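What follows is calculated from the coordinates using simple rules that are stated; it is not laboratory data. In this text, all values refer to a predicted model and were calculated from it rather than measured experimentally. Cβ atoms come from the backbone with ideal geometry, glycine included; neighbour counts cover every protein chain shown.
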Amino acid sequence: MKVSEMLKDRAFTWLLLIIVLALGLRVARACIDTGIDKDSVIYLWMAKEAASGNIEGAVSLNQRMPPLYIGLMALGEYAGIGAFNTGIAVSIIAGTLLLIPVFWLGKKLISERIGLYAALLVAIHPYLLRLSAEIMRDSLFYLLLITAVAFAVKAAEKGVLWWIAPGIFTGLATMTRTEGIEIIFAAIIWFLVGVYFAFKERNVKFIIRRTFLSVSLLVCSFIVVTVPIQLLLGGSQSLWGPVDYRISSFFRGFMNLKAEEVLQKEKH
Amino acid sequence: MGFIITIKLWLIFLGRLFEAVFPTNIVLLCFSWRGLKECWKSPGGRFLIILIVEMIISRLIIFFSGLPYQGRYLYPLAICLAIIAACGLDRLISLLKEIKALKSAFATKITSVMIILMVAICIGKGLWYSSDKLWIKEVSSFVQKSAVSFSVRPVLISGVDDLRLAYYSNAEYLRLTFKDFSRYLLPEPRPRCQIQKTVRTSEDARTWVPIFSAITAKELDEGFKKIEAPKVFLFLEDKDKEIFDMFEEAKIPFPFKQVAIFREGKKKTFVLYERIEQ
């Protein structure tokens, strides 16, 4: 398809315009606010240490840090672009590209117009805009997470093999922020809901077989992406893993905490 | 788990959620019931709704577990809800088009007006820049310039726990603390204050360890004098008076002189001191 033909497609043209707006806003924000977040300092130091070959030193700065964003910054530092510039560039590009899966989701689930509105709402969301112009891993995480959701939606309506794609993107999202694994839990709950409906429709055997295959493919592709990296980092002091080891402490805290303690922490 | 019925906590959480999703999108969500129902009809839509519910539950658990909680943990939820809010925007536009008065005035322009309004509100907030934290760069630049003629890095002892000072100033960054004592090398009896620096330990990677602990002003004074650097700076928030109380009680002259004052809006004042060389 030629570019001129693509531009005749009104929705495509509008999406392109929204993407340009989002990119412009993010670049403008990055130029206006040249300060960095407290967390960014650690990211920059980690990237510089990693780029100089001192992986141990980098990991020691934050043992729980997922490796993807820092790895990209380290690559930029190594290539001479600088960790700072790479960090900002990755955030801006990821924050802009996020509009594509958002548009696709809206279009797929409801209509093309809703897709465009959703892309616009994400493009101008003030806090997403700000985060996309900072040295923070969140912007990349949102892109990978929502891409995983988009592929999961596609897989939900297509064949079993499609579940490999959300597995890969969930793995990449988890390598940016550990909350990425949520997609797996959501998918399992979604499959269970499907099985429940299948019981009603007496279509159980087929659905259970398909569910088992789909979940296996999702989890396997997730493991294939994340576990080798965990093993690679295993030689260092890194505590990062696809499943956050603090989950049990979250639940313990949730079960044992008193209201006053939470309020106290909130005040602090 | 009795704390879950505390209204105040729920209000705090809902406040955070409201802020993260953003008020304009919250308004749109009020009109998105039809879109939500349509979404539930397709398997993909059900997946999105299940993910949204799961995200809310997981954020609630983290919030109620008492961990330090930041608004950005809720932004993935804001993105997913933006898709639902888009249905609300569509519905709101069609409702406005049905109003007779508006229909006759500018029927075709309602969509444009609504979108321009949304864009203006959100961009205004998104690009708004507050220069409150400018002092971080100013302090760092002051420290850098003061030590430019020396080949050895200056030392910045900070009572304000912010690593950005270390990053921008490129000084050797030490932390002065009266409460967050390191669990390493903690001497008995308990010190009144500590000067700490980060080092790598074999046990749990990089952590703050004391380079010296002081119970009396005399010990602290000696510790300050022992720091080998041509320029040693001390950075404190104006309200941190404890160190001055120590020296005043012991009737020992404070070994630093004030060299600059920095402000964060009208709320906070910070003071930079430089060691008096003898």
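For segment B:20-156, taking Cα atoms only, Rg and Dmax work out to 23.5, 77 Å respectively. This ranking places A:PHE197, B:PHE47 by how few other beta-carbon atoms lie within 10 Å of each, fewest first, which gives A:PHE197, B:PHE47. Once you have a ≥ b ≥ c as the square roots of the Cα gyration tensor eigenvalues for chain A, tell me rounded if a/c is under 1.5, and otherwise prolate or oblate according to whether a/b is larger than b/c. Oblate, because a/c is 1.5 or more while a/b does not exceed b/c. Checking every one of the trypsin sites (Lys or Arg not before Pro) in segment A:1-66 against DSSP loop status and a limit of 15 other Cβ atoms within 10 Å picks out A:LYS2, A:ARG64.
Name the residue from A:LEU116, A:GLN237, A:ASN256 whose Cα lies farthest towards the positive end of the charge dipole of segment A:7-267, charges +1 on Cβ of Lys and Arg and -1 on Cβ of Asp and Glu. About the Cα centre, the residue reaching furthest to the positive side is A:LEU116. The distance between label points at A:VAL193 and A:GLU56 comes to 5.0 nm (points 7 Å beyond Cα on the Cα→Cβ vector). Considering only Cα-Cα distances, which of the following residue pairs are longer than 18 Å: B:LYS145/B:LYS239; B:LYS137/B:LYS241; B:LYS179/B:LYS241; B:LYS37/B:LYS100; A:LYS38/B:LYS239; A:LYS107/B:LYS41? Correct reply: B:LYS145/B:LYS239; B:LYS137/B:LYS241; B:LYS37/B:LYS100; A:LYS38/B:LYS239.
What are the semi-axes of the equivalent ellipsoid of the protein assembly as shown, taken as the square roots of 5 times the eigenvalues of the Cα gyration tensor, listed largest first and rounded to whole Å?
Values: eigenvalues 453, 155, 109 Å².
Calculated on Cα positions only, the semi-axes equal 48, 28, 23 Å.
For segment A:105-115, 3J(HN,Hα) computed residue by residue from phi via the Karplus equation (6.51, -1.76, 1.60; θ = phi - 60°) reads 4, x, 5, 5, 7, 10, 7, 4, 4, 5, x Hz, glycine and proline entered as x.
Counting each DSSP H run of 4 or more residues in the protein assembly as shown as -39500 (n - 2.57), what helix-only mean residue ellipticity at 222 nm follows after dividing by all residues, to the nearest 500 deg cm²/dmol? Present the calculation step by step, with values, prior to reporting the outcome.
Numbers: 26 runs with 349 residues, N = 546.
Helices in the protein assembly as shown give a 222 nm mean residue ellipticity of -20500 deg cm²/dmol.
In a Gaussian network model over chain B where Cα atoms closer than 10 Å are linked, find which of B:ILE121, B:ILE157, B:ILE195 has the largest mean-square fluctuation. Among B:ILE121, B:ILE157, B:ILE195, the largest GNM mean-square fluctuation belongs to B:ILE121. For segment A:148-196, trypsin sites (Lys or Arg not before Pro) are listed when DSSP marks them as loop and at most 15 other Cβ atoms sit within 10 Å of their Cβ; the list is A:LYS158. Using Cβ point charges alone (K and R +1, D and E -1), the dipole size of segment B:134-275 about the Cα centre works out to roughly 360 debye. Couplings 3J(HN,Hα) for segment B:61-70, derived from phi with the Karplus relation 6.51 cos²θ - 1.76 cosθ + 1.60 (θ = phi - 60°), are 4, 5, 4, 6, 7, x, 6, x, 10, 10 Hz, where x marks Gly and Pro. Per-residue Cβ neighbour counts within 10 Å put A:ILE18, A:ILE42 in the sequence A:ILE42, A:ILE18, beginning with the fewest. Length gained on full extension, A:TYR245 to A:LEU16, computed as 0.36 nm times the residue gap minus the Cα-Cα distance: 78.3 nm.
Ignoring GluC sites (Glu not before Pro) that are buried or in helix or strand per DSSP, and keeping those with at most 15 other beta carbon atoms within 10 Å, what is the longest stretch of chain B between them? Let's see the in-between values first.
Numbers: sites that count: B:GLU203, B:GLU228, B:GLU277.
Maximal segment without exposed cleavage sites: B:1-202.
Residue separation times 0.36 nm, minus the C-alpha to C-alpha distance between B:LEU96 and B:ILE26: what's the value?
On the way: separation 70, 0.36 × 70 = 25.20 nm, distance 1.78 nm.
Fully extending the segment from B:LEU96 to B:ILE26 adds 23.4 nm.
I need B:ILE261, B:ILE243, A:ILE100 ordered by Cβ neighbour count within 10 Å, fewest first. Don't jump to the answer; show the numbers that get you there.
Values: B:ILE261 11, B:ILE243 21, A:ILE100 16.
Lowest count first: B:ILE261, A:ILE100, B:ILE243.
Under a Gaussian network description of chain B, with springs only between Cα atoms under 10 Å, the residue in B:TYR168, B:TYR69, B:TYR129 that fluctuates furthest is B:TYR69.
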